[in-house]
Amino acid sequence: KWGSRIGVGLVLLAGLIAAVWLIWAIGFQAVIASVTRAGIGGLALLCLFSLLVFALLAAAWFYLLPPAQRRSLPQFLLGRMVRDSIAEISPFSPVGGMVAAARLMILDGMDAGYAAASVAADATTETMAQVAFLAFGVALALAHFRPQPNAGPLIGAMEAALVLAIPGIALLIALQKKGADLAERIAGRFFPQSREGSSFRIAIHDLYDAPGRLAASAALHLAAWIGAGIRIFIAFRLVGAPISLADAIALEALLCTLRSVAAFVPAGVGVQEAGYAMLAPLFGIPAEMGLAVSLLKRAWEIVIGVPSLIYWQSVESRKAWAP
């Protein structure tokens, strides 16, 4: 237990050192000048747009479930914000965010088996949509990079990631369905209430045996991914970067793939900063503006994430102190 905590701490420290070094190497004043150009009004605009993206993510989770298991849409919105906030601004892994989101839905009255199964299935439909988003980004990037010399390795890496992702999703679904017994025992450790409601096995099969709901969830997730690309376009424009919407979406698709590969790094510290600093010049944007957008992204994640985490802790505290 202590060994894993020390490992997480070391990875987080390495990411922080890498992020600080990048800002120092590129130029502190240039990066801060770009961030300042966006201003408080720009940050507020990005936060409002982020809430729209969260609404799409909440709807994707909502429509994945059968009608009898759905709670109010605002509750799904809060659960999704807590899930992402734990993953983005805390040292916990994305799995910790999924557990917290499922617990919130259980405390709101959802069947525990469906709560646990739905966060797993929702992560799968989100990954399915991410593959489509990556394919869209690769198509846009190919048009941009083909004329550039030495673009072959990058294009090859993008195509390889896309090809490997498709069987990876099929394997993930198969493991969730075939390994339902193991998953049910794991869910029982996190959610003791799951022994009182539907089993994880029944719930996961019910979710995956409904292609219409799966398609609706994946489509809404794809809309959210595209929304994230538009948000990055707005962020680059706010810092003064002359980037097109197509290039911004392509850049975000590549960055999301990089973050997914480095999911073991807490909050992607260092990975996100390095990703924007390396990818931005490929699209004709100075590295300092890429870093500025990364810092803006951290800022709107904190503005939205801190109240979300406070809400989560208040709910858990009320549960802990309830008679």
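The values are calculated or read from the model by the stated rules, or taken from the named source; none is laboratory data. Bear in mind the structure is a predicted one, so any value in this text is a computation, not a measurement. Using ideal geometry, Cβ is built from the backbone for each residue, glycine included, and neighbour counts are taken over all protein chains shown. Areas reflect the complete protein model, heavy atoms only, side chains present, ligands, DNA and RNA absent. Shrake-Rupley method; radii C 1.70, N 1.55, O 1.52, S 1.80 Å.
Here are the numbers for the structure shown:
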read-out	value
Residue in the stretch 102-113 that is acidic (Asp, Glu) and open to solvent by 50 Å² or more (accessible area, probe 1.4 Å) present	yes
Any hit, the stretch 77-89, residues being without any contact (Cβ under 8 Å) to a residue 24 or more places away in the chain and not β-branched (Val, Ile, Thr)	yes
Selected residue [modelled with pLDDT of 85 or more and either open to solvent by 30 Å² or more (accessible area, probe 1.4 Å) or closer than 21 Å to GLY41 by Cα (or both)] from ALA241, ALA218, ALA224	ALA241
ALA100 touching a residue at least 60 places away in the same chain (Cβ under 8 Å), closer than 19 Å to ALA223 by Cα and of a type outside the set (Asp, Glu)	no
Residues satisfying the stated conditions in the stretch 56-80, i.e. within 15 Å of GLU126 (Cβ to Cβ) and out of contact with any Lys or Arg (no Cβ under 7 Å at 6 or more places or on another chain)	LEU56, ALA59, ALA60, LEU65, PHE76, GLY79, ARG80
Test: LEU291 is within 20 Å of GLY42 (Cα to Cα) and modelled with pLDDT under 90	yes
